[in-house]
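The values are calculated or read from the model by the stated rules, or taken from the named source; none is laboratory data. Computed from a predicted model, the values in this text were never measured in an experiment. Here Cβ is always computed from backbone atoms with ideal geometry, including for glycine, and neighbour counts include all displayed protein chains. Surface areas here come from the heavy atoms of the whole protein model, side chains and all, with no ligands, DNA or RNA. Shrake-Rupley method; radii C 1.70, N 1.55, O 1.52, S 1.80 Å.
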Amino acid sequence: AVRLGLDTAIRSEPGLVPAGVAATVAELAPVLYRHRPDVVLLDYNLPDGDGLTVCRDIKSHVPAPAVILYSAFADASMTVPAIVAGADGIVNKGMPPRQLFGAIREVARGRDALPPISSEQLEAATLTLDEEDLPILGMLIDRTPPHDIADALRLELPVLRRRVGRMLRRLQA
């Protein structure tokens, strides 16, 4: 019912066209492959996975669509983990539809729709992560592409991916 309502709301908004709907992570891959959407709305709480991990997987493909985490759990505490996962936006399901539509338009233009990171959030993240991962965190917050991070830190891309995955798990704990 929620997916149907969201699909109907997006269809009623001028300039927005839903490409498909997936209820699970397993259903998402065919939708992404067939329709190649510009923006993916992704819930954090999925029946067969979590939205941050799925976001990270989506963003590892080139070209990757923009990803907005659209969740009842979307609050300030999700900002740093969402950035580490590669999300382009965060919208709480309780917000008015116009805020969601605005976020979709922003990320479709290549901008982000992320709340600012507070000094408290940044401090909590730095206390959670290993010191060796702090440069990676800083570059992710600055939206540095993974290839550039790997080059700057002289890491192989698979090593960087493993470290980012570990960072994400620690931030979610």
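Name the residues in region 73-112 that are hydrophobic (A, V, I, L, M, F, W, C), open to solvent by 70 Å² or more (accessible area, probe 1.4 Å) and within 18 Å of residue 10 (Cβ to Cβ), would you? Let's see the steps before the verdict.
Step one: filter region 73-112 for residues hydrophobic (A, V, I, L, M, F, W, C), giving 73-74, 76, 78, 80, 82-85, 87, 90-91, 95, 100-101, 103-104, 107-108.
Among the residues that remain, those that are also open to solvent by 70 Å² or more (accessible area, probe 1.4 Å) are: 73, 95.
Listed by number, the list holds a single entry, 95.
Quick one: which helices (runs of 4 or more DSSP H) sit completely within region 20-95 and have at least 2 residues that are farther than 15 Å from residue 113 by Cα and under 15 Å from the mean Cα position of the chain (by Cα)?
Details: elements: 25-35, 51-59, 79-85.
In region 20-95, the matching helices (runs of 4 or more DSSP H) lie at 25-35, 51-59.
With respect to residue 68, is the statement that it is modelled with pLDDT of 90 or more and in contact with a Gly (Cβ under 8 Å, 6 or more places away or on another chain) true? If you could, list the steps in order and put the result at the bottom.
Details: modelled with pLDDT of 90 or more: yes; in contact with a Gly (Cβ under 8 Å, 6 or more places away or on another chain): yes.
Answer is yes for this residue.
Take the conditions farther than 15 Å from residue 18 by Cα, of a type outside the set (Lys, Arg) and open to solvent by 40 Å² or more (accessible area, probe 1.4 Å) and apply them to residue 61. Does it pass? First the steps, then the outcome.
Details: farther than 15 Å from residue 18 by Cα: yes; of a type outside the set (Lys, Arg): yes; open to solvent by 40 Å² or more (accessible area, probe 1.4 Å): yes.
Considered against the rule, which asks whether it is farther than 15 Å from residue 18 by Cα, of a type outside the set (Lys, Arg) and open to solvent by 40 Å² or more (accessible area, probe 1.4 Å), residue 61 comes out as yes.
Tell me which residues, restricted to region 25-56, are polar (S, T, N, Q) and either open to solvent by less than 40 Å² (accessible area, probe 1.4 Å) or touching a Phe, Trp or Tyr at 6+ places or on another chain (Cβ under 9 Å) (or both). Reasoning before the result, please.
If we filter region 25-56 for residues that are polar (S, T, N, Q), which is where we start, we get 45, 53.
Once the filter is applied, which keeps residues that are polar (S, T, N, Q) and either open to solvent by less than 40 Å² (accessible area, probe 1.4 Å) or touching a Phe, Trp or Tyr at 6+ places or on another chain (Cβ under 9 Å) (or both), region 25-56 yields only 45.
Would you mind finding the one in 161, 166 that is touching a residue at least 60 places away in the same chain (Cβ under 8 Å), of a type outside the set (A, V, I, L, M) and under 23 Å from residue 49 (Cα atoms)? Steps first, please.
On the way: 166 fails: touching a residue at least 60 places away in the same chain (Cβ under 8 Å).
Just one listed residue meets the conditions, 161.
Got a sec? Which of 126, 144 is among the polar types (S, T, N, Q), over 18 Å from residue 68 (Cβ atoms) and assigned to a loop (DSSP other than H, G, I, E, B)?
Values: 126 fails: assigned to a loop (DSSP other than H, G, I, E, B).
One residue alone meets the criteria, 144.
Please go through region 5-19 and give me each residue that is more than 15 Å from residue 69 (Cβ to Cβ) and either part of a helix (DSSP H, G or I) or touching a Pro at 6+ places or on another chain (Cβ under 8 Å) (or both), ordered by number. Reasoning before the result, please.
The first filter runs over region 5-19 and keeps only residues more than 15 Å from residue 69 (Cβ to Cβ), leaving 5, 7-19.
Hits for region 5-19 are 5, 7, 8, 9, 10, 11, 12, 13, 19.
Given the criterion open to solvent by less than 80 Å² (accessible area, probe 1.4 Å), in contact with a Cys (Cβ under 8 Å, 6 or more places away or on another chain) and among the aliphatic types (A, V, I, L, M), identify the matching residue among 69, 160. Break it down into steps so the answer makes sense when it comes.
Details: 160 fails: in contact with a Cys (Cβ under 8 Å, 6 or more places away or on another chain).
The conditions single out 69.
Would you mind telling me which numbered condition in (1) modelled with pLDDT of 90 or more; (2) open to solvent by less than 40 Å² (accessible area, probe 1.4 Å) residue 13 fails?
Tallying (1) modelled with pLDDT of 90 or more; (2) open to solvent by less than 40 Å² (accessible area, probe 1.4 Å), residue 13 fails exactly one: (2).
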